[in-house]
Amino acid sequence: MKLFNTLTQSLETFTPRDNLVRIYVCGITPYDTTHLGHAFTYVSFDTLMRYLEFLGYTINYVQNVTDIDDDILRKARELGIAWDELGRRETERYLNDMDALNVHRPNVYAHATEETPTMIEIIQVLLEKGFAYESGGSVYYSVCQDPDFGTLARAIGLNDYKAMLTIANERGNYPDDPRKKDALDFVLWQAQAPGEPAWPSPWGPGRPGWHIECSAMAMRYLGPQLDIHGGGADLAFPHHTCEIAQSEHFTGKAPFSRFWMHTGMVHQDGEKMSKSLGNLTLVSDLLKTYSADAIRVTLLNHHYRYPWECFSEDLEVAMETVGLFQQVRTIVGEQTDGEDTVLHGRFKAAMENDLNTPEALLLLRQAAETVIANHDVNTGAEILRLTKVLGLRV
Ligand SMILES: [Zn+2]
C-alpha cells in the first residue's frame, strides 16, 4: 500500500515492522462541539485503519484528549462552569458523534491530566541532556540547542527561523514570555498561574505543555517508534515538529514515527460555508437531517489530503449514493457469499493508492448502478462487503 508521508513529501510503500500497526492520531481539545473538520480527520483515519484490518493487520490505535488547555479554561470562565465539567461534557459529545459516524473508538483514549508522570519523566531526561531549561517554575524546550529541529516544518515549506517563528506565534507560542531564552522555545511544563488548576512536578505545581502531552501518551502506549502519526494539516507545525524534537531526543531513536499523515482542512470559517450550510457544520446538527452513512460518504468523497469546502449539494449526492447501496442490499437479500474479483481488485488498487476513497466510492457507485440494472447478486454481495470496509452500515 502506498501512503503519502508528509516528512518526505512523497508516496511511500507502507511496510510496518510486523503485523501490528502502531498508530497515534492527535485528538480533540474538548472546549467546543465537534464540527465537520474534526469528522473529516477521524473518519479518514478510521477508514485507513479499517482498510489495514481488511488487509490482515492488527491495529493498536491511541488518541489523546487535551483535557487541560488555555481554551478550556477561557471557555469555562465564559460559561461559568468548572473547566473539568466542560471537558467531560464536550468529550462525551465528541465520542457520541464519532460513534454515530461509525468511527471505531481508539484502543487507548488517553487523558492529558492523567498522564503527567510520563510527561515529567520525559522532561527530566530532556533537561539532563541539555535540550531543555527550567525558568521560574516552567520548563522550556531550547530550540537553538537542537540542530535537528524543524525537519517536518521544512518539509511543509517553512524554510527558516523567521517563517517558523511567525507561524508558531500565531498558534499560541507566547513570544513575549519573559521566562523564555528564545522566542521560538516552547513550553514543556507551565508553572501554575493564579486561580488555574495544577499538578505536582519537580519544578513546582503547573500543567503540561500541549506538545509534550502527545509525545508522552504516544510513547507510553505504543513504544518509542510509531508506524503512523496523524492529525489535521494545521498540526504539522508547530505541534508535530515539536513532538518529533522532544521524542527523538528523549529516546535517542529516529524516526519517532515512520509515517506522518495529515488531513486537509474543511473550510467552514468563511462566509461560503455558512451561506451554503447555515448552522449545519456541527456533526450533531448534520445528523438531524442526514444519515450517518450519507455524512460518511460526503467526507470520503474527498481525498483525505486536500482541503475542501462542503456544500449541501455534496450531502444530497451522498444520499443518492447511499440509496443505490440500499437498493443493492434489497437485491442481494440473504446471499452474502457472492464475489466479483474484478471489482475487488479495482477497489483495492484505489485504496492502496494513498487511500483514494473518492475513486473507491465511484467504483462502488458505478457497480451498484449496474447491479440495479442487471440484478447481478454476486457483484451486489461484493459491493456490500466493500462498503463495510469504508465504514458504511448500509
Ligand atoms: Zn497531538
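Couple of notes before you dig in:
- For LYS75, net neighbour charge (Lys/Arg +1, Asp/Glu -1) across residues whose Cβ lies under 10 Å away: -4
- Each residue in VAL283, VAL125 was given a count of other beta-carbon atoms within 10 angstrom of its own, and listing them fewest first yields VAL125, VAL283.
- Counting every pair of alpha carbons in the chain, the share spaced more than 33 Å apart comes to 35 percent.
- The chain: DSSP helices with Cα axial extent of at least 27 Å and average Kyte-Doolittle hydropathy no lower than -0.5: 312-332
- For SER138, nonlocal amide neighbours, meaning residues 5 or more places apart or on other chains whose placed amide H falls under 5 Å from its own, are ALA191.
- ILE372-THR336 pseudo-label distance in nm [points 7 Å out on the Cα-to-Cβ vector]: 2.4
- Under-5 Å amide H pairs with ASP185, H placed in peptide plane, nonlocal only: VAL143
- By the count of neighbouring beta-carbon atoms within 10 Å, fewest first, ARG296, ARG77 end up ordered ARG77, ARG296.
- Environment charge at HIS239 (Cβ cut-off 12 Å; Lys +1, Arg +1, Asp -1, Glu -1): -2
- Of ILE331, ILE383, ILE372, the sequence from fewest to most neighbouring Cβ atoms within 10 angstrom is ILE372, ILE331, ILE383.
- Pairs from the table (LYS75/LYS162; LYS129/LYS181; LYS2/LYS162) lying more than 28 angstrom apart at Cα are LYS75/LYS162; LYS2/LYS162.
- Computed helical MRE - 222 nm, the chain, DSSP H runs ≥ 4 contributing -39500 (n - 2.57), nearest 500: -14500 deg cm²/dmol
Bear in mind these aren't lab numbers, they're just calculated from the coordinates by the rules spelled out. These numbers come from a predicted model, not from an experiment. Backbone-built Cβ (ideal geometry, glycine too); neighbour counts: all protein chains shown.
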